[in-house]
Amino acid sequence: MTGRCHRRDVLKGALAAPAMLLAPARSGDAGMIAPTGRLYGAAVRADTIAADPALRRRVAADCGWITPEIDFKWNALEYRRGGWWFERADQIAAFARTHDQQLRGHTLLWEQSTPDWARAEIADKRDWRLVERWFDGVLGRYADAASEWDVVNEPIDTEQGHRGLRRTCFQRAFGDGYVARALHAARERAPTARLFVNEYGLEYANPVERDRRTALLKLVERLRHDGAPIDGVGIQAHLDLSKGPLDTIAITAMLREIAGMGLRVSITELDVKEADRSLPLATRDRLIDDEVRRYLDVVLAEPAVRGVVSWGVSDRDSWLQDGIAATGPAALNRGLPLDAALAPKPVYWTLREAVGGGGGRHQV
Ligand code: G3I
């Protein structure tokens, strides 16, 4: 089956299920339908798309954007010092080029994806040239391939951090100014890409996430004030049904502040963690879909939000399965658009309607 045929089938499916897609919760709210030009995308891994032609067709048909889930990370590209390994990242870049998709470069500085040798060397030598050398390697090859880069990933920690910043090897070695410094270093090497700071834990009505929103806004204000080259903020949006209600008022206020600073927003890692996987499948899928609808209703009302990336395509490959010993498909968390057999769930159609414009993927 060709990608084109597959896409027609998907459209046929969409037409066959309008009642579910256009649920009453959506009617009467003019802010809910995304203006054209917003992108839908998904995180993908080179090994999983290479191994599965059906998944490949889905990603080709549905995504205007793709984010490499692991293949652009420092510990993927340079696991051993000087042992650069570009094969999988090249495959992702070629896939995006072939299918006329934009790439989100993920991610330049993240403690968790920094190889052990680099962490040790940074702690030992405190030499910024180590970071520059890494940026030279990755941006020297992919600066033009990606339209956006998550330059610093997850810099906020309001519980154990230093003035709201996570105590990482970068913060310890180079101080709080490392975020601005990284943005400048990225700008020198990727002059036309949009540069982002990407963060999680910003959605719910609890004191920790309230403090995290405040700390993120302070960081971004400081970066703007100091003239750091930041173009946007990535909001990861790992939704979680055990965390209570979304704080829709606070989310709106945060997005307005970011937009007011002249920055754009990308929703970069959307998925939903379930609270109770013993419920009937249809109930679980409805709860997930409801949460995503509520979230998209709020974020897509803000014009600065330029697109939505889900953190994977199929439940089969989701990082949320870590720690779940699956005894069958029903045991898996169901927080991505397609189930483990690649069948669309209600949340697939919701995303398609809200960000894919009903006609598939969109280009900015
Ligand atoms: O592929 C190997 C496999 O060969 C090996 O047997 C197995 C043993 O642990 O590891 C596999 O690699 C794992 C890889 O995911 C693929 O499953 C790595 O250990 C594991 O560290 C890696 O985790 C990724 C994680 O980032 C760290 O890079 C997750 O897939 C990925 O979803 C996750 O993504 C992060 C974002 O970058 C930032 N925001 C949070 C998000 C979720 O943690």
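Taking Arg284 as meeting all but one of (1) farther than 25 Å from Ala180 by Cα; (2) open to solvent by 50 Å² or more (accessible area, probe 1.4 Å); (3) among the basic types (Lys, Arg), write down the number of the exception.
It is condition (2) that Arg284 fails.
Scan segment 116-137 and tell me whether some residue there is at pLDDT 95 or above, out of contact with any helix residue (DSSP H, G or I) (no Cβ under 9 Å at 6 or more places or on another chain), assigned to a helix (DSSP H, G or I) and under 20 Å from Ala190 (Cα atoms).
Yes: one or more hits.
Within segment 236-246, can you find the residues that are open to solvent by less than 40 Å² (accessible area, probe 1.4 Å) and not in a strand (DSSP E or B)?
Result: Gln236, Ala237, Gly244.
Does Ala304 fit the bill of being closer than 30 Å to Ala228 by Cα and either open to solvent by 20 Å² or more (accessible area, probe 1.4 Å) or more than 16 Å from the ligand (Cβ to nearest atom) (or both)?
The answer is yes for Ala304.
Go through segment 196-235 residue by residue and tally those that are of a type outside the set (Val, Ile, Thr) and outside any helix (DSSP H, G or I). Break it down stepwise before answering.
Start the filter on segment 196-235 by keeping residues that are of a type outside the set (Val, Ile, Thr), which leaves 196, 198-207, 209-213, 215-219, 221-229, 231-232, 234.
Subset that is outside any helix (DSSP H, G or I): 196, 198-206, 226-229, 231-232, 234.
Count: 17.
Return the pairs, sorted by first residue and then second, in which the second residue is among the acidic types (Asp, Glu) and surrounded by fewer than 16 Cβ atoms within 10 Å (Cβ to Cβ), the first residue lies in segment 235-263 and is farther than 24 Å from Leu336 by Cα, the beta carbons are less than 8 Å apart, and the residues are 6+ apart or on different chains.
What qualifies is Met261/Glu221.
Please work out which residue is surrounded by the fewest Cβ atoms within 10 Å (Cβ to Cβ), limiting yourself to segment 72-111 and to residues that are without any contact (Cβ under 8 Å) to a residue 40 or more places away in the chain and within 12 Å of the ligand (Cβ to nearest atom).
Checking each candidate, the answer is Tyr79.
In segment 307-331, which residue that is hydrophobic (A, V, I, L, M, F, W, C) and part of a helix (DSSP H, G or I) is nearest to Asp231 (Cα to Cα)?
Selected residue: Trp319.
The values are calculated or read from the model by the stated rules, or taken from the named source; none is laboratory data. Everything numeric in this text was worked out from a predicted model, so none of it was measured. A quick note on method: Cβ atoms are made from the backbone with ideal geometry, for glycine too, and the neighbour counts reach across all protein chains shown. Heavy atoms of the whole protein, side chains included, go into the accessibility calculation; ligands, DNA and RNA do not. Shrake-Rupley method; radii C 1.70, N 1.55, O 1.52, S 1.80 Å.
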